[in-house]
Amino acid sequence: MNLPSLGHQIVQRLLPDVAPATGWWVPAALLVALAVVVLPPIWRLARLAVTIVHELGHAGIGILMGRRFTGFVVSADMSGHAVTVGPRRGIGRVASTWAGYPAPALIGAVLVQIALHGWAPTALFAALVVLVISLVFTRSLHTLAAVLGTAVAVGALWWWGSPVLTAVLTLAGGVFLLLGAWRHLGAVIRSGGRTDDPAQLATLSPLPGGVWTLSFAVVLAACTWWAWTGLAPHLLTLV
């Protein structure tokens, strides 16, 4: 394959396309996402993606707030930790600490809208770029393997996936991140400890951890509503 031909193919895969016509692929994607979140053996592996997005949410907002992102770790138990350097207190520290739980829900809702409007290939390439860059900031072999494996899967879908397969898996991925965000929030509500984000936010501000947990729930609810506004017309046409 010569370079001009390769360049043309890359450009073609970057451009948005018309989303597949409403049909079986929308409920199929929803069922796939639901199965991944509900079935314990699959969830134990797949929740890794939610954790990665959670930690990159900390990092992204930290960078936007002027902090320096030095690295992140995803542990074998699927928990994670991101490190940003800057003032120990203040709005930047609060914002970066707060951003973790909302990140999967926001990205998930964006992916839902993208998949339904033909932008799935463009979004997959953007996700691939973010994952490749984040490899530099991994701070353990497990984290490196997790991020690299995710990047390979996203890259393969972007390059070889058909329009329908790309739309199905992008939509399923968006719904999965959205549902996974709720499941992670439920876990911290049930058994959150002193090292979890709400408790950390309580030490960084005058507000108790329950208020911060409520703020997460409000954002997740807003993201869920936004995703539903895109899904509802497609599902109603199938009834």
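The values are calculated or read from the model by the stated rules, or taken from the named source; none is laboratory data. Predicted, not measured: the structure shown is a model, and the values here were computed from it. Glycine gets a Cβ as well: all are built from the backbone with ideal geometry, and neighbour counts include every protein chain shown. Ligands, DNA and RNA are excluded from the accessible area calculation, which covers all protein heavy atoms including side chains. Shrake-Rupley method; radii C 1.70, N 1.55, O 1.52, S 1.80 Å.
Within the span defined as segment 185-197, one or more residues are under 29 Å from Trp25 (Cα atoms) and in contact (Cβ under 8 Å) with a residue 40 or more places away in the chain. Taken together, the criteria place Ser140 among residues that are in contact (Cβ under 8 Å) with a residue 60 or more places away in the chain and at negative phi. Taking segment 120-204 as the region of interest, the helices (runs of 4 or more DSSP H) fully inside it that hold 3 or more residues being within 18 Å of the chain's Cα centre (by Cα) are 120-134, 141-160, 163-191. Filtering segment 72-112 to residues that are open to solvent by 30 Å² or more (accessible area, probe 1.4 Å) and under 24 Å from Leu30 (Cα atoms) leaves Leu106, Ile107, Val110, Leu111. The condition (being small (Gly, Ala, Ser), surrounded by fewer than 12 Cβ atoms within 10 Å (Cβ to Cβ) and out of contact with any strand residue (DSSP E or B) (no Cβ under 8 Å at 6 or more places or on another chain)) is satisfied by just one residue among Gly180, Gly186: Gly186.
Working only within segment 22-70, note down all residues that are assigned to a loop (DSSP other than H, G, I, E, B) and either closer than 19 Å to Ala145 by Cβ or β-branched (Val, Ile, Thr) (or both).
Thr22
Out of (1) surrounded by fewer than 18 Cβ atoms within 10 Å (Cβ to Cβ); (2) within 17 Å of Ala82 (Cβ to Cβ), what's the single condition that is false for Val152? Val152 satisfies all of (1) surrounded by fewer than 18 Cβ atoms within 10 Å (Cβ to Cβ); (2) within 17 Å of Ala82 (Cβ to Cβ) except (2).
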